[in-house]
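S.K.: Starting off with a structure, shown below.
What follows draws every value from the coordinates through simple rules; no lab data is involved. As the structure is a prediction and not an experimental result, all values here were calculated from the model. Every residue, glycine as well, gets a Cβ built from its backbone with ideal geometry; the counts of neighbours run over all protein chains shown.
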Ligand SMILES: C[S@@+](CC[C@H](N)C(=O)[O-])C[C@H]1O[C@@H](n2cnc3c(N)ncnc32)[C@H](O)[C@@H]1O
């Protein structure tokens, strides 16, 4: 993780805001932070913003998503890992945060017993195609090297397009981190249609998002539309990653988890 953060930090231009035609903020860090409080339609078209996202959020979001994955009940984990081929979908996967957390989860779950799984297909869906180049540098990290990894991506919009996958590739596990906070409640039925289309029988859904009333209302609505029970937990702990002093001072990363996790069925 240190290497990824250092590489992306080295590529951020902290002075870009001075010649920026879009932002009226005094720094790129403020522009990045404030976007999450000013609108739900976040614009990820700025390369500097995307790189800052990796520096500021990758460790803590990975930690939060890993906590969410650890909420999957043991019998469901056994069922998932007893498959020879496991299909995973990360919706709103952005830079590959969800892939990274999944890779770590898979690594830890196989520490003491290798299980059956020998091929994993991970589909990352994100309407922002500009994430693709960044994701390619992140989404395979920590993946166990004795399993075949098939990385796929799709730049569809989960509420405007109809997603589709071949029957053999339908997801057994769907991971959704900080996407629902960016969707309108009115668009949830279309989103749920897509979830059903891309998922296999008995698929598990794992959600990580802001622990805020409006977001929790949307997530409960989503489970109602899925007709699924769910379990949940709140995360508040430190992400466990220590930033170099200079990186910490210049990029003001989020280091404490501030999210809520849900696990249910599709
Ligand atoms: C806050 S980022 C989360 C990235 C990553 N999952 C994480 O937890 O760090 C939200 C992502 O959802 C994507 N997104 C937002 N609305 C979307 C939509 N309607 N369809 C597809 N992707 C969407 C954005 O482009 C962005 O990459």
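S.K.: From Cα pairs below 8 angstrom and at least 6 apart in sequence, can you work out the relative contact order of the stretch 140-254, rounded to a whole percent?
M.R.: Result for the stretch 140-254 is 25 percent.
S.K.: Any chance you could give the angle, 0 to 90 degrees and rounded to 10, that helix 213-226 forms with the longest Cα principal axis of the chain?
M.R.: It works out to around 30 degrees.
S.K.: Give me the distance in nm between label points sitting 7 Å out from Cα along the Cα-to-Cβ direction at residue 255 and residue 231, one decimal.
M.R.: 3.1
S.K.: Can you tell which of 138, 42, 65 shows the greatest fluctuation in a Gaussian network model of the chain with Cα springs below 10 Å?
M.R.: 42
S.K.: On the first, second and third principal axes, largest extent first, how far apart are the outermost C-alpha atoms of the stretch 54-133 in Å?
M.R.: Between the extreme Cα coordinates on each principal axis of the stretch 54-133 lie 36, 23, 18 Å.
S.K.: Could the peptides 20-33, 252-265 be put in order, highest first, of the mean number of other beta-carbon atoms found within 10 Å of their residues?
M.R.: Listed from highest to lowest mean packing, they are 252-265, 20-33.
S.K.: Treating the angle as unsigned and between 0 and 90°, give the value, to the nearest 10°, between the Cα long axis of helix 47-69 and the longest Cα principal axis of the chain.
M.R.: The two axes meet at around 40 degrees.
S.K.: Separate question: Any idea what angle helix 2-11 forms with the longest principal axis of the chain, computed on alpha-carbon atoms, 0 to 90 degrees, nearest 10?
M.R.: Around 40 degrees separate the two axes.
S.K.: Quick check: residue separation of residue 34 and residue 202 times 0.36 nm, minus the Cα distance between them. What number comes out in nm?
M.R.: 56.6 nm
S.K.: Related question: Using alpha-carbon pairs under 8 Å, 6+ residues apart, how would you state the relative contact order of the chain in percent?
M.R.: 21
S.K.: If each DSSP helix of 4+ residues adds -39,500 (n - 2.57) and the sum is divided by the residues in the chain, what number results at 222 nm, nearest 500 deg cm²/dmol?
M.R.: Result for the chain: -12000 deg cm²/dmol, rounded to the nearest 500.
S.K.: Show me the ranking of peptides 107-117, 4-14 by mean Cβ neighbours inside 10 Å, starting with the highest.
M.R.: 4-14, 107-117
S.K.: Continuing with this model, one more query. Where both partners of a DSSP beta bridge lie in the chain, what percent of those bridges are antiparallel, to the nearest 5?
M.R.: Around 35 percent of the beta bridges assigned by DSSP in the chain are antiparallel ones.
S.K.: If R0 is 35 Å, what FRET efficiency do you get for residue 70 and residue 246 from their C-beta distance, rounded to 0.05?
M.R.: Plugging the Cβ-Cβ distance into 1/(1 + (r/R0)^6) gives 0.60.
S.K.: So what does the Cα-only Debye profile of the chain read at q = 0.16 Å⁻¹, as log10 I(q)/I(0), no solvent term?
M.R.: Here log10 of I(q) over I(0) equals -1.28.
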